[in-house]
Amino acid sequence: MRPRIKVISTGKYVPPHIITNAELETLVETSSEWIVSRTGILRRRKAINEDASDMACKAAMAAIDKSGYDKKKIDLIVVATITGDQMTPSTANFVQGKLGLDHEVMSFDVNAACSGFMYALEVASSLLESGKFKAALVIGTERLTKIVDYTDRNTCVLFGDGAGAMIIEPSTAASDETYFYNAARSDQNDTLTVKRYIEMDGRKVYLFAVDIMEKSIRKILAEAELSLDDIDIIIPHQANERIITAVAKAMKLPIDKFMLNLSEYGNTSAASIPISIAEYLDQAKQGAKRILLVGFGGGYTWGSAILKV
Ligand code: UT7
């Protein structure tokens with residue numbers, strides 16, 4: 001299925017509080033040198049008195065303000081998160097309230113771990129394609145620091161908080177055709193889990209990620225009948241710089257074909273791709289861009305997409 005969508009605006013929010021590598025050295029047996037050389041992460045953010053919906057709302061308002069968008073047009077909110085405020089109501093429902101949208105909106109959450117935003121974008125695009133909705137707000141938001149065990153050096157150095165948002169509308173233009181490939185498997189669903197805290201076999205996830213990212217990039221390019229020369233930037237899930245470097249090397253691509261910002265934020269799970277899209281567009285030169293998104297996460301889940309922004 002190839003829904004036609006127009007990306008109206010994007011926005012991001014990260015909380016101001018920074019956790020440095022030096023601070024983590026005081027909590028667990030680690031070193032800044034280990035963290036930087038194994039992951040590329042220099043610092044990550046921590047939400048203090050903010051929930052996932054508060055950060056989501058700020059990212060959404062950044063997108064709304066940037067484009068002067070009439071928020072009353074939004075009639076669909078899809079939030080990707082694994083760290084929602086509560087079990088129910090959904091974080092999307094809280095976002096609806098905090099944005100002051102008192103008209104009828106279909107709002108719900110999607111959980112596909114770090115691939116959540118990829119899944120949410122496909123779901124929202126398909127719903128727009130149905131002709132029933134005028135505008136969708138798609139958000140990835142995570143308060144991962146509330147599920148990080150700060151005595152576990154295998155995980156606590158990796159994750160941070162933040163949110164990214166995108167406003168999309170349906171389109172009739174053939175040039176707005178958008179391509180999605182999202183999938184999952186469940187035979188290794190004990191590799192990355194959250195009961196109370198994130199637990200992970202990092203090495204296994206690493207090997208899976210390098211393999212599936214290359215496959216997902218190739219698959220979506222074939223589906224769209226495009227080559228990498230047609231793509232302005234690849235925006236990957238920001239988990240580990242070494243994973244992205246390994247994919248670039250395997251595909252014989254220069255590393256600057258990939259958006260990288262994980263040194264600043266660490267892994268923000270479902271928020272990492274929309275934060276990166278917003279940052280890329282803030283820095284990019286004027287004019288339409290064609291971007292390729294690629295993500296992976298617990299489950300395993302994974303996905304890729306090509307869209308114009
Ligand atoms: O969004 C998806 C979520 N997850 C991921 O994307 C994670 C993917 N995996 C990774 O990014 C990497 O596998 C890690 C960064 C988690 C680990 O890097 P690695 O090069 O794969 O290291 P490793 O797991 O093979 O562990 C090497 C050693 C181990 O020590 P021993 O058993 O060899 O003595 C670990 O205990 O490094 C040790 N180690 C640490 N040492 C210092 C693990 N974490 C740390 C740490 N500081 N923070």
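What follows draws every value from the coordinates through simple rules; no lab data is involved. This one's a predicted model, so the numbers in the text were calculated from it and none came from an experiment. All Cβ positions, even for glycine, are placed from backbone atoms using ideal geometry, and neighbour counts span all protein chains on display.
Mind checking whether some residue in segment 255-264 is more than 24 Å from CYS156 (Cα to Cα), outside any strand (DSSP E or B) and free of Cβ contacts under 8 Å to residues at least 24 places away in the same chain? Let's see the steps before the verdict.
Restricting attention to segment 255-264, the residues satisfying the condition of being more than 24 Å from CYS156 (Cα to Cα) are 255-258.
Those left that are additionally outside any strand (DSSP E or B): 255-257.
From what's left, free of Cβ contacts under 8 Å to residues at least 24 places away in the same chain: 255-256.
Within segment 255-264, one or more residues are more than 24 Å from CYS156 (Cα to Cα), outside any strand (DSSP E or B) and free of Cβ contacts under 8 Å to residues at least 24 places away in the same chain.
Results for (1) buried (at least 19 other Cβ atoms within 10 Å of the Cβ); (2) not hydrophobic (A, V, I, L, M, F, W, C), shown as yes or no for each residue.
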| position | (1), (2) |
| --- | --- |
| SER9 | yes, yes |
| GLU25 | no, yes |
| ASN49 | no, yes |
| ALA63 | yes, no |
| VAL79 | yes, no |
| THR88 | no, yes |
| VAL95 | yes, no |
| GLY100 | no, yes |
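Among residues belonging to segment 106-120 that are over 21 Å from PHE208 (Cβ atoms) and either surrounded by fewer than 21 Cβ atoms within 10 Å (Cβ to Cβ) or among the charged types (D, E, K, R) (or both), point out the one that is nearest to the ligand (Cβ to nearest atom).
Out of the qualifying residues, it is ASP109.
Where the second residue is acidic (Asp, Glu) and the first is part of a loop (DSSP other than H, G, I, E, B) and lies in segment 46-61, which pairs have Cβ atoms under 6 Å and are six or more apart or on separate chains?
Going by the 6 Å Cβ cut-off, the qualifying pairs are LYS46/ASP161; ALA47/ASP161; ASP51/ASP85.
Restricting to segment 1-44, name every residue that is part of a strand (DSSP E or B) and within 16 Å of the ligand (Cβ to nearest atom).
If the condition is that a residue be part of a strand (DSSP E or B) and within 16 Å of the ligand (Cβ to nearest atom), then ILE19, THR20, ARG43, ARG44 are the ones that fit.
Can you tell me which residues in segment 188-200 are surrounded by 15 or more Cβ atoms within 10 Å (Cβ to Cβ) and not aliphatic (A, V, I, L, M)? Before the answer, list the steps.
Within segment 188-200, the first condition is being surrounded by 15 or more Cβ atoms within 10 Å (Cβ to Cβ), and the residues that meet it are 191-192, 194, 197-200.
If the condition is that a residue be surrounded by 15 or more Cβ atoms within 10 Å (Cβ to Cβ) and not aliphatic (A, V, I, L, M), then THR191, TYR197, GLU199 are the ones that fit.
Among all residue pairs at least 6 apart or on different chains, which show Cβ distances below 9 Å where the first residue, located in segment 135-150, is free of Cβ contacts under 8 Å to residues at least 60 places away in the same chain and the second is in a strand (DSSP E or B) and of a type in the set (A, V, I, L, M, F, W, C)?
VAL148/PHE159; VAL148/ILE198; ASP149/ILE198
Identify all residues within segment 143-162 that are within 19 Å of the chain's Cα centre (by Cα) and more than 9 Å from the ligand (Cβ to nearest atom); write none if there are none.
ARG143, LEU144, THR145, LYS146, ILE147, VAL148, GLY160, ASP161, GLY162
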